[in-house]
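Here is the structure we will look at, set down as structure tokens.
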Amino acid sequence: MEEEVPMAAPPVPALIPLGRGAKGFKGVVVQVGAPVASGRSSLDPAELERRLLEIGFVEGARVEILHVGLFGGDPLAIRLDDMRVALRRREADAVLVRVDEDAP
């Protein structure tokens with residue numbers, strides 16, 4: 001009798017805070033208000049989450065980091081679906097993103 005070899009599960013795409021991405025990083029928003037941002041922003045976490053949602057950082061939105069500021073890497077210029085926004089890294093850390101491995 002031949003022994004069955006279990007099939008390997010497909011790799012799970014990496015999830016990272018948007019603020020940790022480098023220029024050219026592409027991904028899809030998975031969660032807004034990620035816990036890693038707690039205490040790093042000058043805003044209350046609930047208020048930061050509300051503002052990010054109003055801007056358009058919603059689940060499923062495609063993002064790409066277009067530019068990184070010269071001093072300290074702030075601010076980030078981000079393509080968010082069909083618009084461009086600027087965010088501080090500490091606020092971008094509140095957006096959890098799935099790395100888009102299919103992007104060129």
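The values are calculated or read from the model by the stated rules, or taken from the named source; none is laboratory data. Not measured: the values here are computed from a predicted model. Cβ placement follows ideal geometry from the backbone for every residue including glycine, while neighbour counts extend to all protein chains displayed.
A few comments on the model shown:
- Restricting the stretch 37-67 to residues that are over 13 Å from LYS26 (Cα atoms) and touching a Leu at 6+ places or on another chain (Cβ under 6 Å) leaves a set whose member that is modelled with the highest pLDDT is GLY56.
- Assessment of the stretch 3-22 against the conditions (farther than 19 Å from LEU96 by Cβ, among the acidic types (Asp, Glu) and either at pLDDT 95 or above or in contact with a Lys or Arg (Cβ under 8 Å, 6 or more places away or on another chain) (or both)) yields no matching residue.
- Test for VAL85: is it within 15 Å of PRO17 (Cβ to Cβ) and modelled with pLDDT of 95 or more: no
- Checking GLU91, GLU101 one by one, the residue that is among the acidic types (Asp, Glu) and touching a helix residue (DSSP H, G or I) at 6+ places or on another chain (Cβ under 7 Å) is GLU91 and no other.
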